[in-house]
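Worksheet for the structure shown next.
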Amino acid sequence: MTHTQEHTSHTKLIWKVFAILSVITMVEVVLGIIKPASLHLTHFLGTSILNIIFLILTLVKAYYITWFFMHMADEKKSLRRAVVWTALFLIAYLATLILIEGSYINDVLGPLTKWNY
C-alpha cells in the first residue's frame with residue numbers, strides 16, 4: 001500500500017466520522033427546537049425521555065470523537081477500554097447526579113417559583 005492510498009483511506013474515514021457526528025448533532029438540534037411533547041413531557045427514570053435521548057446521543061458522539069480523533073482505534077485493547085469505559089462511566093455518572101439534583105430542586109422550589117415554559 002502506498003502512502004497516497006493510506007492517506008486516502010484515512011481521509012474517507014474522517015469524512016465518514018464527520019458525517020456521523022453531523023447527523024447526530026442535527027438530530028439533537030432538531031429535537032431541541034421542536035421538543036415533541038410525547039418526548040418532552042413523558043418522564044422516565046426521573047427525567048424526560050427527551051433528556052435521556054440527548055444523553056445517549058452525547059455519549060455516542062463522545063465515543064466517536066475519542067475513538068477516531070484521539071486515535072484510540074490504534075491503541076492496545078486495555079488502554080482503549082481504560083480510557084473509553086472510564087470516560088463513558090464518568091459522563092453517565094455526572095449526568096445522573098445532575099438529573100437527580102435538578103429533580104430535587106424542582107420538587108423543592110417548584111411550588112415557590114413560577115416556572116416560565
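The values are calculated or read from the model by the stated rules, or taken from the named source; none is laboratory data. In this text, all values refer to a predicted model and were calculated from it rather than measured experimentally. Glycine gets a Cβ as well: all are built from the backbone with ideal geometry, and neighbour counts include every protein chain shown. Just so you know, the surface numbers come from the protein's heavy atoms only, side chains and all, with ligands and any DNA or RNA stripped out. Shrake-Rupley method; radii C 1.70, N 1.55, O 1.52, S 1.80 Å.
Residue-level check: of (1) modelled with pLDDT under 80; (2) open to solvent by less than 100 Å² (accessible area, probe 1.4 Å); (3) in contact with a helix residue (DSSP H, G or I) (Cβ under 7 Å, 6 or more places away or on another chain), Leu39 misses just (1). Figure legend. Inter-residue proximity from the stretch 57-85: first residues without any contact (Cβ under 8 Å) to a residue 60 or more places away in the chain and not assigned by TED's automatic domain parsing to the domain that holds Ser22, second residues open to solvent by 60 Å² or more (accessible area, probe 1.4 Å) and hydroxyl-bearing (Ser, Thr, Tyr), beta-carbon distance below 7 Å, spacing 6+ or different chains. Indicated pairs: Val84/Tyr63.
Applying the selection to the stretch 103-117, what residues are among the hydrophobic types (A, V, I, L, M, F, W, C), open to solvent by less than 80 Å² (accessible area, probe 1.4 Å) and farther than 20 Å from Leu45 by Cβ? Leu109 - this is the single residue of the stretch 103-117 that is among the hydrophobic types (A, V, I, L, M, F, W, C), open to solvent by less than 80 Å² (accessible area, probe 1.4 Å) and farther than 20 Å from Leu45 by Cβ.
Ile49 fulfils the conditions (1) surrounded by 12 or more Cβ atoms within 10 Å (Cβ to Cβ); (2) at pLDDT below 85 except for a single criterion, (2).
Within the stretch 66-102, the set of residues being closer than 23 Å to Lys12 by Cα and open to solvent by less than 70 Å² (accessible area, probe 1.4 Å) comprises Thr66, Trp67, Phe68, Met72, Ala73, Arg80.
So is Ser22 modelled with pLDDT of 75 or more, under 16 Å from the mean Cα position of the chain (by Cα) and exposed (fewer than 12 other Cβ atoms within 10 Å of the Cβ) or not? So Ser22 fits the description; yes.
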